[in-house]
Amino acid sequence: MILGVETSCDDTCAAVVARDGAVRSNVVASQGLLHARYGGVVPEIASRRHLELVDAVVADALERAGASLDDIDTVAVTRGPGLIGALLVGLSSAKAIATARKLPLVPVDHLAGHVLASTLGEHPIEPPFLALVASGGHTFLARVDEPPEYDVLGQTLDDAAGEAFDKGARLLGLGYPGGAALDRLARDGDPEAFDFPRSRPGRGLDFSFSGLKTALLYRIRDLGPDETEHRRADLAAAYQSAVVGALIARLGQALEQERPPRLAIGGGVAANSGLRARVEELAAERGVEVWIPPHELCTDNAAMIAAVARFDDPIPYPGYLSLDAFARAA
Ligand code: KG4
Ligand code: ZN
């Protein structure tokens, strides 16, 4: 079995995954509340908290899997992209665990984790497939032929979709990170109540979300505080529909262009109820099989990191001791 460790942002995560992709445990210690009062993740606080939590989270993942380190043959860990201090905590722990047992280690690209989340579970997706990844830091379309490699077909030119959700949520007074809260509020609103700029089909497969956030800001200003308060659910529903619409428009174009037999979504925004429903509809319309992972495999987690390691060659002990983390993808 593979032990996965993920500490790229503000969640301390460890998981145990079997070679066939079965998830034996998937533990996430969220630091959300710790950062909420600052309205965003404070990198130094995140690193220190990871340091306090990581041993306990790994122990918990092993216990929940009914396993011990004797059952682990490979350690997988996120190497980047992410917050450098946060990444270093996970990477150092993973190196220490692997070294103590002279186990091999696989350094993993966090984004490959989101792309390959659907290769986990009882009915894993088979390549080739198209993946839409939308998270707090990244939004892109990728083609997967031979995992863990993937080809990026298009990506956001400004904000990530999760960032668009978080900024919209903040404007509506929903706190941070507000994607899930906006999703809940939107259920009581009318998505047609307001018009937000629609993304027009272009030739490329890139995304842009910064205009939407500005449109919401102006709409809230025009309405004034009382009317905004009164119509929050409608604003949330219309805004969500616009963000999801932009994702679906490019996804539709990518399906047309690539004609893949299968489609998967991943990243925290893949937990959005509106997106999940529209992806199902689109896939049915186009006759493409679709994989929509459970919420816990969409948002940051270590099972998806272990999933990537199933497809990669591990580095034998002690070759990985000098590995460094990286904040940004090369
Ligand atoms: O993948 P993730 O957990 O972390 C990153 O790698 O960024 O994604 C977090 C993002 C946040 O922006 C959060 O607001 C958003 O995913 N998110 C959602 C929902 N759940 C999480 N956005 C919209 N609807 C949701 N239900
Ligand atoms: Zn992520």
Check your understanding: Mind checking which pairs have a first residue in the stretch 266-278 that is basic (Lys, Arg) and a second that is surrounded by 24 or more Cβ atoms within 10 Å (Cβ to Cβ), Cβ under 7 Å, 6 or more apart or different chains?
Key -> Arg278/Val244
Review point. Which condition does Val244 not pass, out of (1) touching a residue at least 60 places away in the same chain (Cβ under 8 Å); (2) within 12 Å of ligand 1 (Cβ to nearest atom); (3) buried (at least 19 other Cβ atoms within 10 Å of the Cβ), if it passes all the others?
Key: (1)
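Filter the stretch 139-168 down to residues that are over 19 Å from Gln240 (Cβ atoms) and of a type outside the set (Phe, Trp, Tyr), then give me how many there are.
Within the stretch 139-168, the first condition is being over 19 Å from Gln240 (Cβ atoms), and the residues that meet it are 140-155, 157.
Next, only the ones that are of a type outside the set (Phe, Trp, Tyr) stay: 141-149, 151-155, 157.
Number of matching residues: 15.
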Revision key, fill the gap. Among strands (runs of 3 or more DSSP E) entirely within the stretch 77-157, at least 3 residues that are in contact (Cβ under 8 Å) with a residue 24 or more places away in the chain and surrounded by 24 or more Cβ atoms within 10 Å (Cβ to Cβ) occur in 105-109, 129-134, 139-144
Revision key, fill the gap. Going through (1) within 16 Å of ligand 1 (Cβ to nearest atom); (2) in contact with a strand residue (DSSP E or B) (Cβ under 7 Å, 6 or more places away or on another chain); (3) small (Gly, Ala, Ser) one by one, Ala134 fails only at (2)
Check your understanding: Is it the case that some residue within the stretch 45-52 is aliphatic (A, V, I, L, M), touching a residue at least 40 places away in the same chain (Cβ under 8 Å) and farther than 15 Å from His110 by Cβ?
Key -> no
Practice item. With respect to Pro225, determine if the residue is away from ligand 1 (no atom under 16 Å from the Cβ) and within 30 Å of Arg262 (Cβ to Cβ). Key: no
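Kindly evaluate Pro177 against the criterion of being in contact (Cβ under 8 Å) with a residue 24 or more places away in the chain, touching a helix residue (DSSP H, G or I) at 6+ places or on another chain (Cβ under 7 Å) and under 26 Å from Glu256 (Cβ atoms). Even if it seems obvious, please write down each step before you answer.
Numbers: in contact (Cβ under 8 Å) with a residue 24 or more places away in the chain: yes; touching a helix residue (DSSP H, G or I) at 6+ places or on another chain (Cβ under 7 Å): yes; under 26 Å from Glu256 (Cβ atoms): no.
The answer is no for Pro177.
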Check your understanding: Based on what the data block shows, is Ala237 part of a helix (DSSP H, G or I) and surrounded by 12 or more Cβ atoms within 10 Å (Cβ to Cβ)?
Key -> yes
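With Pro318, Pro293 as the choices, which residue is modelled with pLDDT of 95 or more, closer than 30 Å to Val54 by Cβ, within 16 Å of ligand 2 (Cβ to nearest atom) and in a loop (DSSP other than H, G, I, E, B)?
It is Pro293.
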Review point. Does the stretch 247-267 include one or more residues that are within 16 Å of ligand 2 (Cβ to nearest atom) and either of a type outside the set (A, V, I, L, M, F, W, C) or in contact with a Lys or Arg (Cβ under 7 Å, 6 or more places away or on another chain) (or both)?
Key: yes
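Given the condition in a helix (DSSP H, G or I), of a type in the set (Lys, Arg) and under 30 Å from Arg37 (Cβ atoms), answer yes or no: does some residue in the stretch 186-193 qualify?
As a first pass, look at the stretch 186-193 and keep what is in a helix (DSSP H, G or I): 186.
Still in the list and also of a type in the set (Lys, Arg): none.
No: zero hits.
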Practice item. Could you tell me whether the stretch 66-73 includes any residue that is out of contact with any strand residue (DSSP E or B) (no Cβ under 9 Å at 6 or more places or on another chain), surrounded by fewer than 20 Cβ atoms within 10 Å (Cβ to Cβ), over 30 Å from Gly168 (Cβ atoms) and modelled with pLDDT of 95 or more? Key: yes
**Study point:** Count of residues meeting criterion [in a helix (DSSP H, G or I) and over 15 Å from Phe140 (Cα atoms)] in the stretch 258-278
**Key:** 6
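The values are calculated or read from the model by the stated rules, or taken from the named source; none is laboratory data. Everything numeric here is computed off the predicted structure, so don't read it as measured data. Counting neighbours? That spans all protein chains shown, and the Cβs are built from the backbone with ideal geometry, glycine included.
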